[in-house]
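**Student:** Right, I'll just put the structure down here and ask away after.
Just so it is clear, none of the values below were taken in a lab; they were calculated from the coordinates. Here the structure is a predicted model, which is why all the values come from computation and not from measurement. As a convention, Cβ positions derive from the backbone with ideal geometry for all residues, glycine included, and neighbour counts pool all protein chains shown.
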């Protein structure tokens, strides 16, 4: 849908152009003029003979052919204007700045749909309505300010919200961030953020285009397209960070599975971003901080040297780095002693390297040189240097600029004195460098970038399952929760080991059920969804008499229609679940199992289909990962087997997309084997 008429128009018409710069039609025209648009610039205003020095056309009917129309008139007039331009004037790109459409009323939604249909009928492109426009190196088609000094190698900003885009531009410019383009999609009647990314991906030129994309999304209407093109861009060397606003649901959702109770659309968005390799952010400050990190060489290791002349910020940064899974390693030995001798008395080099408020630019240069060449345990440096207002620090920032240009290890500059060191910071950014105003924000952003994985590879070998058998079971089943027998068939077809089990519906079947099974056993009621909630699980049953007594009690529970008997299994309780999120697909979740899973909420998730690498990553992201590995003399669980079971569940729901909820809880695990003990599966059929 995005075309050259939108990106590089040879002619632009502003419909609703004005001499009043406080109106969108006036400001966008001024921005186009100030940006020295190199093509034909036309204006339409029936009440003026000229606008800002350009002769007016009274109506769009008076125009010749024009590539791009910027429309700034009331919503009720836009449909007829678009129709004339599209069908009679060969216009193939439209940016509707006007509000009053789908965001306001049902009539507005109808206007949006009609305009999108007209534009689509001529294979045209529509941005908006209700947006601030587009800003790129070819034209300044926005009605807002500031207009940054555009650089094709700067950041591309794509936003659902025009105001958010403006705020990001303002704050980013102060940090020294450069921008290549801004795409405000507004109501996305035809083109949304997904389509913008698609265009950027399909037309990406690494020698010409921006290598940083920043996204602000208020909805994810096409997750598959976002995943496909974001991951493709990242594989091409592009780095992407995004905010998804509106993650929470109003009210609560009743869910029959543990997975359903612990997941929501926000969980699915996080999983989508992680699968694509997008760095997930929660605020404008965080997005800009991550963008600033993107402007420096990639962090190849997790060990950071904190270089400072102020103790407090260094302590806070060290905490942030450590909390985020990075490290501030001890620096000692002969080289450290040599460095200490070069610094003022009272300095410390153990890391943080504190060279005191009296430290000099020369000393900073020496510290950086030692971190670069002498301290092999250091992968990168953060330099924190502000000013108490007593002396000029421009010589320090000059050293920083020099070392940034010559060091192979990344150096991240925290310059926290926007008043006392204003001129020095301005010179630093004018030299083309980006600074960080806050050390904790930097620490969190470094951790977020470092721990965001590359896009998942799709060519890993997968374990074998029996899709035909899975389809037979699904096709023969009604919507709702599957019977234990059918659940067992699906687990067998997916190659997921399970504990032997027998179902009894009468006292007479108890002794037969024990054939080939040893005491102690577990007895579980069949019928109620949440067995533990109705006291429907009996463990450690050691005799036939106790089984009979337990059977009678369990069958007395409301909705009971049988009792499941299983041998007791030892091991660690694990959990694997699936929840279908509309639009996103199956969200696979893992963690420690048991009745407290919804309380601890120590789970990680990923969107199916999963690779083995993604499954291992899910396990290693758990807070309880150390327990899974084994701790304090207790044996752990085989990570490889656990990962294989997670992947088999992913393959199962891929073969049976009708599965909307699934819990294996517990999945009993040890170093040698894993077995599903209690599994629930619910299917739905599309109408």
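**Student:** Tell me, 417, 543 in order of fewest to most beta-carbon neighbours within 10 Å?
**Tutor:** 543, 417
**Student:** Remind me, what semi-axes does the chain give for its equivalent ellipsoid, largest first in whole Å, using sqrt of 5 times each Cα gyration tensor eigenvalue?
**Tutor:** Values for the chain, descending: 54, 40, 18 Å.
**Student:** Now for a separate question. Between segment 569-633 and segment 54-69, what is the C-alpha centre distance in whole Å?
**Tutor:** A separation of 60 Å, based on Cα centres.
**Student:** What order do you get for 533, 270, 395 when you list them from fewest to most C-beta neighbours inside 10 Å? If you can, show how the numbers build up before the last one.
**Tutor:** Working: 533 9, 270 19, 395 14.
Exposure proxy ranking, most exposed first: 533, 395, 270.
**Student:** From the C-alpha gyration tensor of segment 4-129, pull out the three semi-axes of the equivalent ellipsoid (sqrt of 5λ each), sorted largest to smallest, in whole Å.
**Tutor:** Details: eigenvalues 95, 56, 34 Å².
Sorted largest first and rounded, they come to 22, 17, 13 Å.
**Student:** Let me ask something additional. Sort 365-371, 677-683 by packing, meaning the average of other beta carbons within 10 Å per residue, with the highest value first.
**Tutor:** 677-683, 365-371
**Student:** By how many degrees, 0 to 90 and rounded to 10, does the Cα axis of helix 639-655 deviate from the longest principal axis of the chain?
**Tutor:** Helix 639-655 sits at roughly 80 degrees to that axis.
**Student:** Mind sorting 452, 373, 613 by how few other Cβ atoms lie within 10 Å of their own Cβ, fewest first?
**Tutor:** Values: 452 19, 373 12, 613 15.
In increasing order of surrounding Cβ atoms, one gets 373, 613, 452.
**Student:** May I pose another question? Helix-derived [θ] at 222 nm for the chain: sum -39500 (n - 2.57) over DSSP H runs of at least 4, divide by residue count, nearest 500? Mind dumping the intermediate values first?
**Tutor:** On the way: 24 runs with 249 residues, N = 687.
Here the helix-only value at 222 nm equals -11000 deg cm²/dmol.
**Student:** Could you check the spin-label model distance between residue 8 and residue 427? Points 7 Å from the Cα along Cα→Cβ, value in nm.
**Tutor:** For residue 8 paired with residue 427, the spin-label model returns 4.0 nm.
**Student:** Over the chain, what is the mean sequence separation of C-alpha contacts under 8 Å (at least six apart), divided by residue count, expressed as relative contact order in percent?
**Tutor:** 9 percent
**Student:** Calculate, for residue 76 and residue 117, the FRET efficiency according to 1/(1 + (r/R0)^6) with r their C-beta to C-beta distance and R0 22 Å; round to the nearest 0.05. Don't skip to the end; give the middle numbers.
**Tutor:** Numbers: r = 17 Å, r/R0 = 0.78.
Once rounded, the FRET efficiency stands at 0.80.
**Student:** Report, for the chain, the % of DSSP beta bridges that are antiparallel, rounded to 5.
**Tutor:** 50 percent
**Student:** On C-alpha positions alone, give me the angle between the axis of helix 439-451 and the longest principal axis of the chain, in degrees, nearest 10.
**Tutor:** 60 degrees
**Student:** What fraction of the Cα pairs in segment 572-646, stated in percent, has a spacing above 14 angstrom?
**Tutor:** Cα-Cα pairs of segment 572-646 separated by over 14 Å account for 59 percent.
**Student:** Okay, moving on. With N set to the number of residues, divide the alpha-carbon radius of gyration of segment 140-294 by 2.2 N^0.38 Å and report two decimals.
**Tutor:** The reported ratio for this selection is 1.07.
**Student:** Just order 50-58, 28-36 by mean Cβ neighbour count inside 10 Å, highest at the front, would you?
**Tutor:** 28-36, 50-58
**Student:** Another question, then. Arrange the peptides 582-591, 184-193 so that the one whose residues have, on average, the most other Cβ atoms within 10 Å appears first.
**Tutor:** The peptides rank, most packed first, as 184-193, 582-591.
**Student:** On to the next question. On C-alpha positions alone, give me the angle between the axis of helix 484-493 and the longest principal axis of the chain, in degrees, nearest 10.
**Tutor:** Computed tilt is about 60 degrees.
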